[in-house]
Amino acid sequence: MNLFFELNEIQKIFKDIYLITGHQCALFDPEYHVLLRYPTQANPFCQHIQSTAVGKSKCEACDMYGFRHAKMTGKLCVYQCHAGLIEVCVPIKSGQRNDEILGYVVLGHLLDDQTSLGSQWNTVYENCRHFIRDMSALNHQFFQLIPTSRSCISAMCDILQICIEHLLLQKLIQRNRDDLWQRAQTYIDENLREKLLVSDIARELSVSVSTLNRCAEKNVGMAIGKFILQKRIVLACKYLKDPKYNISEIAGNCGISDYNYFSRVFKLKTGMTPREYRAVFLRSGNVPELPDPDKLTLSAVNLTGGEQI
């Protein structure tokens, strides 16, 4: 996935959250790679645990649990890490129809102030004593952590959701424009046999019709409607080589329900009717030589966003 993250602006937001709450936020991409942390270093407690191979492996496994649960449910995941601390993983959803995950924000290293610190330390001790040598140092670092009420944890989750909506609204996290053409082609290829409106394609990809047309002009030198029509004609040529399909059936298979319209645009694009194209192919066994498509006019065909392509 080709994504853009405005890390400087996101860091400012994470810094504000840290100044208010004292808790670290981290940003991860969809493949679970960390892009940003604030503060940049984990607190001494977590650093101590992650200084061992076993501790680091356990921390990574906990992160993966949060990512996968958030991805599967599409909702934030509040869970207890292997050491006994509370962590939160919030998915960054695109807001489009498929609601794909663009990344994750993780809020970590929380203690529950409704459970005694002694009880929570006992849990940490039992979970970590097998791989941490200096438990006295870990004990000191544990009691430097900030106990947080469950209502505050819930409030921080709400704030994170609002921050994520802000990141998306301000386009601080978004797909790269270069990725738009790839998505457009994929959508067109998957729906070429169906009725396609340029306006519907733009809506599906969360862009304007003008943006979609500019993207097509940049990548293939033509408007999106003309590009779709070209793909329909190429598909029609493949069908015409097989005599088992009649012309009307081929028109439908290419996403053009009107036989007369199909014949008209096929001739405009190729210089011959579908029947003439088939006759030449069946007679010679070779694909007819077509005029240069870039020199053909489609002025008689309406290719506006509100018309079927």
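Structure above, values below:
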quantity	calculated
Selection count where residues are in contact (Cβ under 8 Å) with a residue 60 or more places away in the chain and in a helix (DSSP H, G or I), scope region 205-223	1
Within region 82-115, considering residues that are in contact (Cβ under 8 Å) with a residue 60 or more places away in the chain and among the β-branched types (Val, Ile, Thr), the one nearest to residue 154 (Cα to Cα)	88
The lone exception for residue 245 - which of (1) hydroxyl-bearing (Ser, Thr, Tyr); (2) under 30 Å from residue 3 (Cα atoms); (3) surrounded by 15 or more Cβ atoms within 10 Å (Cβ to Cβ) it fails	(2)
Residue check for residue 202: at pLDDT below 90, touching a helix residue (DSSP H, G or I) at 6+ places or on another chain (Cβ under 8 Å) and in a helix (DSSP H, G or I)	yes
Residue within region 176-192 that is in contact (Cβ under 8 Å) with a residue 60 or more places away in the chain, part of a loop (DSSP other than H, G, I, E, B), loosely packed, with under 14 Cβ neighbours inside 10 Å and out of contact with any helix residue (DSSP H, G or I) (no Cβ under 8 Å at 6 or more places or on another chain) present	yes
Pick from region 29-50, criterion surrounded by fewer than 17 Cβ atoms within 10 Å (Cβ to Cβ) and touching a residue at least 40 places away in the same chain (Cβ under 8 Å), ranking: nearest to residue 136 (Cα to Cα)	44
Qualifying residue in region 229-248 (condition: over 25 Å from residue 277 (Cα atoms) and of a type in the set (D, E, K, R))	no
Within region 124-157, tally of residues that are of a type in the set (Ser, Thr, Tyr) and surrounded by 15 or more Cβ atoms within 10 Å (Cβ to Cβ)	2
Pair list, Cβ < 8 Å and 6+ apart or interchain, from region 130-143 residues that are within 17 Å of residue 113 (Cα to Cα) to residues that are among the β-branched types (Val, Ile, Thr)	142/124
Residue check, residue 60 among the acidic types (Asp, Glu), surrounded by fewer than 19 Cβ atoms within 10 Å (Cβ to Cβ) and in contact (Cβ under 8 Å) with a residue 12 or more places away in the chain	no
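The values are calculated or read from the model by the stated rules, or taken from the named source; none is laboratory data. Quantities reported herein were computed from a predicted structural model and do not represent experimental measurements. Heads up, the Cβs are rebuilt from the backbone with ideal geometry, glycines too, and the neighbour counts pull from every protein chain shown.
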